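Scroll down for the structure; my scribbles are underneath it.
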Amino acid sequence: MRDQALIEAKNQLISSSVAVLSTHSQTLAGYPFGSTVQFVCNDDNNVYLYISDIAQHAKNLAANNALSLTVFNQTSDDDPQTARLTLVGDATKLPKIQSVPYLNAFVEKYPSAQEYMTLNDFNIWRISIVRIRFIAGFGKIFWLEKNEWYT
């Protein structure tokens, strides 16, 4: 059952295109700040964000890199128990030279990202996963560990 949950969680990540990024607010100390973001993942199940330095969530990450990223599929039904995945981890802004493969992945998945590539304030952030919470539906709830995720 746990192995199946891990497979489903990874499929959820691959098939989704939108997430809610929650960071530690710098303007309202002690409160979380959530915003929708796009993301890509690679074959090793690492997750990357492409965000502007002037965005509030980037400022928050620069001050405190701990985050959660809740990934879900947008559906037309009203089922509040739809599968969702929350990645808990730490973000690191990558140097521009290391970002090229992830920039290409962003443009492939989100063609409109091409227009941001000419702006100097957009950067790739890698999420180093600490733990994963996967809810596959009502009563199907799992904590997945980092060592499981990367196998």
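So that you can scan it fast, the table gives a plain yes or no per residue for (1) in contact (Cβ under 8 Å) with a residue 60 or more places away in the chain; (2) not basic (Lys, Arg):
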| position | (1), (2) |
| --- | --- |
| 85 | yes, yes |
| 92 | no, yes |
| 117 | no, yes |
| 146 | no, no |
(request) Hey, can you tell me all the residues within region 124-148 that are surrounded by 15 or more Cβ atoms within 10 Å (Cβ to Cβ) and in a loop (DSSP other than H, G, I, E, B)? (result) none
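Residues checked against (1) farther than 28 Å from residue 6 by Cα; (2) at pLDDT 95 or above; (3) among the aromatic types (Phe, Trp, Tyr):
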position	(1), (2), (3)
48	no, yes, yes
57	yes, yes, no
61	no, yes, no
66	no, yes, no
96	yes, no, no
136	no, no, no
146	no, no, no
(message) Residue pairs, Cβ under 7 Å, 6 or more apart or interchain, first in region 45-61 and of a type in the set (Gly, Ala, Ser), second surrounded by fewer than 16 Cβ atoms within 10 Å (Cβ to Cβ). List them.
(response) 52/121; 58/52
(message) Just to be sure I understand, how many residues within region 1-25 are more than 17 Å from residue 91 (Cα to Cα) and either open to solvent by 40 Å² or more (accessible area, probe 1.4 Å) or among the aromatic types (Phe, Trp, Tyr) (or both)?
(response) 10
(request) Please specify each residue of region 43-58 satisfying the condition of being within 14 Å of residue 32 (Cβ to Cβ) and open to solvent by less than 30 Å² (accessible area, probe 1.4 Å). (result) 57
(message) Pairs please, first residue from region 1-26 and of a type in the set (Val, Ile, Thr), second anywhere and at pLDDT 90 or above and open to solvent by less than 20 Å² (accessible area, probe 1.4 Å), Cβ atoms under 8 Å, 6+ apart in sequence or on different chains.
(response) 18/37; 18/71; 20/37; 20/69; 23/60; 23/61; 23/67
(request) Name, by its number, the condition in (1) open to solvent by 20 Å² or more (accessible area, probe 1.4 Å); (2) within 16 Å of residue 122 (Cα to Cα) that does not hold for residue 61. (result) (1)
(request) Mind telling me which of the residues 92, 70 ends up being closer than 21 Å to residue 15 by Cα and either open to solvent by less than 60 Å² (accessible area, probe 1.4 Å) or part of a loop (DSSP other than H, G, I, E, B) (or both)? (result) 70
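The values are calculated or read from the model by the stated rules, or taken from the named source; none is laboratory data. If you're wondering where the values come from, they're calculated on a predicted model, not measured in any experiment. Counting neighbours? That spans all protein chains shown, and the Cβs are built from the backbone with ideal geometry, glycine included. To get the accessible areas, we keep the full protein, side chains included, count just its heavy atoms, and leave off ligands, DNA and RNA. Shrake-Rupley method; radii C 1.70, N 1.55, O 1.52, S 1.80 Å.
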